[in-house]
Amino acid sequence: MSLMSRGAFIRLLLVLGLLAGCVAIAMNVKPRLGLDLRGGTQIMLQAESTDRVKANAESVDRAIEILRGRVDALGVSEPTLTRVGEDRILVELPDLQDPQRAVEAIGKTAQLTVHPVIQAAASKKAKPTKPGDEILEDKDSGQFLELGPAALSGEDIKGADAGTRQEGVGWEVAVDFTGHGNDAFGDLSAAAACAQGDANRIAIVLDKEIISSPTVDVSCGGRLDNGTSITGSFSEQEAKDLAILIEGGALPIPVKIISQSTVGPTLGAAAIDSSIEAGIIGLIITGLFIIVVYRFVGAMAAIALTSYAVLAYAMLLTLGSTLTLPGLAGFVLAIGMAIDANVLVFERAREEYAENPQAGMRRALQIGFNKAWTAIIDSNVTTLLAALLLFLLASGSVKGFGVTLAIGVIASMISALVIARVLTEIGVTTKFIARRPRVTGLSDVGRFRKWLMARNPNLIGRGKIWLGISGAALIVALVGIFGHGLNYGLEFTGGRTLEYTTQKAISADDARTVVADVGLPEAVVQIVKGSDDVERVSIRAGEITDQQKAEIEKGISKTAGETEQYSDDTVAASLGNEMKEKALIAFLIALAAQMIYLAFRFHWTFAVSAVGAMFHDVIIVTGIFAWLDKPIDGIFLASALTIVGLSVNDTVVVFDRIRERWQGTKTGSFQEVSNTACLETMPRTINTGAGAMFILAALAFLGGDSLQDFAIALLLGLIIGTWSSVFVATPAAMYLQKISPFSREKRAKKVRDPEDSGAVV
């Protein structure tokens, strides 16, 4: 304890408290699992034509986007909404906590209208006094009212919010109108203000039912111009659900629920188990690798990495996010990438100890943390910017990926910069370790670093060659994308869905094996249990030929006895055009935000070079998938977004060292400084990349079909991203330096001695 600083002791207590809180959350909060891991609720909606709108693909697709907003407002993460045929909608809600509430909200058409009240009516069958009037029942009072034609519709409504009434008793929904809606409502209220009896009221109608018919409480000649409030005997939840319906807008066509089922997970138990086993094996190998390279401090970092899983899981539970298998894989990958911060620190500490071994290991380690701080922060902030914008601007699975990405980044930073720092600083101050510097793993910069600096190869001097190679690779990739074509998955293209009733029960894994044997390994296979309590096999794929269908029926019959087809439908893309456009817009804005941040932190030439390298990496990986006919689906989209994070992370580390060398010295050209910086960061790049590759290789070869393509895409992205950081981004920055030089001058800043408080420099 005598060698432990007060700051280190306080940080240790904070770490223990943080981990204890995370463990408590993990033990007491139930996770929300996705369709792939647990299954959920499946609702089939039937669209119905009206006099004004026909139930066709166009109107149904518009309805899907409105329904998606309703589902998101209900707090259901990563739902799937798909058009089936021309006039049906399939809604799949993962691990739904309150399915009945969702069914009620989704099934309502939300056709909201506002009418003048003509007079009270004796019954529903009473004859209206004027053509066009109708008799409807008031939900609250049970009174029947004759209503005139609608003066406003849902299109005239701008928004709706639930809140308590002004008198503090009960709930109401405040409704705001558009400009035209305000004018129309003002005219309607002015007419009602001068009327007598029941005609002094205005009726608000939802789906042919009066939900409120308030009296207009203004004198004759007055009017209401600032919206209105819907009052009634609402509970808090009912008021909020009504606001969701009104806010989401009216569906362009009426829909009704024709079936509600419980669906099993889209992934089998074997696939899930193999993926978990692959992740564990990858983590063990990664931990052993970092221990071999960095010895004692590596062992402390490996221990800190295990805390990452607890942190990330607790954060996911706290936010109520949906846990899916790609999300799990992303967390596992982030564990591998979390070693990046530790490797940066350890390499910096090695440099400091080599320059001043008399100052001691503890000081070298503290300075290592301080000097690595800017690179760690810059690389992670750019990734967090992308995650935040994806969450705010995208929807569906892309929105969910933004949450997962942000959780992974924050948890990895806490693991590396807080927990690992506490463990390593305390560890190197013990007498046994302090007397044996070689045990720490920081007493030597390493053989590879020495060999590399002794050879001093002029990598950046051959920038034109490297850019030429990358340019050729880009051309080949673009030919694959636009010439050979992309193999879009079911989520982008739609396809065919089959359902079968079997004589005997069959597991999803057995059915999945049958479907894979006929050449459809990417098909989604689930066990569906309908409201009739009968279990059926559901098979969905991009294309199922009649021959494959016959082989599927034959294969299932061998296992489950007599097999009867229950349904055969075409399904539209679950990633609709609007959702894809939102994802693309979010992606482009995220890149722009990253470019602005990098331009602010570095220079515009660095920002352009880094973003250009990102595009380079994603396009080449996409091109490889095109040539290999690998599916481009939601999982690939998640991997592409991860590649962007990996690419900018690696590039920022290189650029940070270039900036430090360029502004910290007065000799050497920008090319020479950049070359030295690349050589100095190469051991970090190799060690970080190797740690991540162990996990990805395990997922690719042992994780099963469900994660194989995901892992392959990330492996390619990691390799290509490592190349582009040194051989694309850096040469590009070098050539742009000639156009707009990056100044060697920098603002002076106060540097505190780490012995004083352990503060970051």
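The values are calculated or read from the model by the stated rules, or taken from the named source; none is laboratory data. As the structure is a computational prediction, the values presented were derived from the model and not from experiment. Note: ideal-geometry Cβ built from the backbone for every residue, glycine included; neighbour counts use all protein chains shown.
Here is a check on your reading of the model: is I475 part of a helix (DSSP H, G or I) and over 27 Å from W723 (Cα atoms)? No. Summed over the stretch 429-455, residues that are surrounded by 14 or more Cβ atoms within 10 Å (Cβ to Cβ), assigned to a helix (DSSP H, G or I) and within 39 Å of the chain's Cα centre (by Cα) total 2. Touching a residue at least 12 places away in the same chain (Cβ under 8 Å), in the same structural domain as F710 (by TED's automatic domain parsing) and of a type in the set (K, R): is that true of K450 in this structure? Judged against the criteria, K450 is not a match. Within the set S212, S229, S219, the sole residue that is under 38 Å from the mean Cα position of the chain (by Cα), assigned by TED's automatic domain parsing to the domain that holds H180 and at pLDDT 75 or above turns out to be S229.
Considering the stretch 146-206, the qualifying strands (runs of 3 or more DSSP E), each wholly inside and each with 3 or more residues that are in contact (Cβ under 8 Å) with a residue 12 or more places away in the chain and within 30 Å of K125 (Cα to Cα), run over 202-206.
Per-residue answers, yes or no, for (1) more than 30 Å from L520 (Cα to Cα); (2) aliphatic (A, V, I, L, M); (3) in a helix (DSSP H, G or I):
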{"position": "I695", "(1), (2), (3)": "no, yes, yes"}
{"position": "A698", "(1), (2), (3)": "no, yes, yes"}
{"position": "Q708", "(1), (2), (3)": "no, no, yes"}
{"position": "I712", "(1), (2), (3)": "no, yes, yes"}
{"position": "T722", "(1), (2), (3)": "yes, no, yes"}
{"position": "V728", "(1), (2), (3)": "yes, yes, yes"}
{"position": "M734", "(1), (2), (3)": "yes, yes, yes"}
{"position": "F742", "(1), (2), (3)": "yes, no, no"}
{"position": "E745", "(1), (2), (3)": "yes, no, no"}
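State whether one or more residues within the stretch 612-628 are of a type in the set (A, V, I, L, M, F, W, C) and under 27 Å from W373 (Cβ atoms). The answer is yes; a qualifying residue exists.
Please determine whether any residue of the stretch 620-628 is buried (at least 22 other Cβ atoms within 10 Å of the Cβ), out of contact with any strand residue (DSSP E or B) (no Cβ under 7 Å at 6 or more places or on another chain), closer than 17 Å to I720 by Cα and modelled with pLDDT under 90. Within the stretch 620-628 (the criterion being buried (at least 22 other Cβ atoms within 10 Å of the Cβ), out of contact with any strand residue (DSSP E or B) (no Cβ under 7 Å at 6 or more places or on another chain), closer than 17 Å to I720 by Cα and modelled with pLDDT under 90), the answer is no, since none of the residues qualifies.
With respect to S189, is the statement that it is closer than 23 Å to F144 by Cβ, in the same structural domain as E146 (by TED's automatic domain parsing), at pLDDT below 85 and of a type outside the set (D, E) true? So S189 fails the test.
Spot the failing condition for I135; the list is (1) of a type outside the set (F, W, Y); (2) part of a loop (DSSP other than H, G, I, E, B); (3) more than 47 Å from the chain's Cα centre (by Cα), and only one is missed. Among (1) of a type outside the set (F, W, Y); (2) part of a loop (DSSP other than H, G, I, E, B); (3) more than 47 Å from the chain's Cα centre (by Cα), I135 violates only (2). Being crowded, with 20+ Cβ neighbours inside 10 Å, at pLDDT below 75 and touching a Gly at 6+ places or on another chain (Cβ under 9 Å) is a property that G336 has. Considering the stretch 656-678, the residues that are of a type in the set (G, A, S) and either at positive phi or in a helix (DSSP H, G or I) (or both) include one that is farthest from the chain's Cα centre (by Cα), namely G668.
Taking each residue of the stretch 284-312 that is assigned to a helix (DSSP H, G or I) and looking for partners that are aromatic (F, W, Y) and surrounded by fewer than 24 Cβ atoms within 10 Å (Cβ to Cβ) with beta-carbon atoms closer than 6 Å, six or more apart or interchain, yields I285/F694; T286/F694; A312/F331. In the stretch 449-461 there is at least one residue matching the filter, namely being of a type outside the set (S, T, Y), out of contact with any helix residue (DSSP H, G or I) (no Cβ under 8 Å at 6 or more places or on another chain) and within 25 Å of A729 (Cβ to Cβ).
Among the residues of the stretch 672-688, those identified as in contact with a Pro (Cβ under 9 Å, 6 or more places away or on another chain) and among the polar types (S, T, N, Q) are S674, N675.
Scanning the stretch 486-536 for residues that are in contact with a Gly (Cβ under 6 Å, 6 or more places away or on another chain) and assigned to a loop (DSSP other than H, G, I, E, B) yields Q503, K504.
Looking only at residues of the stretch 505-562 that are of a type in the set (S, T, N, Q) and in contact with a helix residue (DSSP H, G or I) (Cβ under 8 Å, 6 or more places away or on another chain), we find that the one that is farthest from V263 (Cα to Cα) is T559. Screening A733 with (1) crowded, with 24+ Cβ neighbours inside 10 Å; (2) closer than 20 Å to G282 by Cα gives one miss only, at (2).
Can G461 be described as without any contact (Cβ under 8 Å) to a residue 60 or more places away in the chain, surrounded by fewer than 19 Cβ atoms within 10 Å (Cβ to Cβ) and out of contact with any Gly (no Cβ under 8 Å at 6 or more places or on another chain)? For G461, the condition - without any contact (Cβ under 8 Å) to a residue 60 or more places away in the chain, surrounded by fewer than 19 Cβ atoms within 10 Å (Cβ to Cβ) and out of contact with any Gly (no Cβ under 8 Å at 6 or more places or on another chain) - is not met.
Any idea how many residues of the stretch 477-508 are exposed (fewer than 14 other Cβ atoms within 10 Å of the Cβ) and of a type outside the set (K, R)?
7
Candidates in the stretch 339-392 are the residues that are among the polar types (S, T, N, Q) and without any contact (Cβ under 8 Å) to a residue 40 or more places away in the chain; of these, the one that is nearest to V654 (Cα to Cα) is N356. Here T681 qualifies as in a helix (DSSP H, G or I), among the polar types (S, T, N, Q) and crowded, with 21+ Cβ neighbours inside 10 Å.
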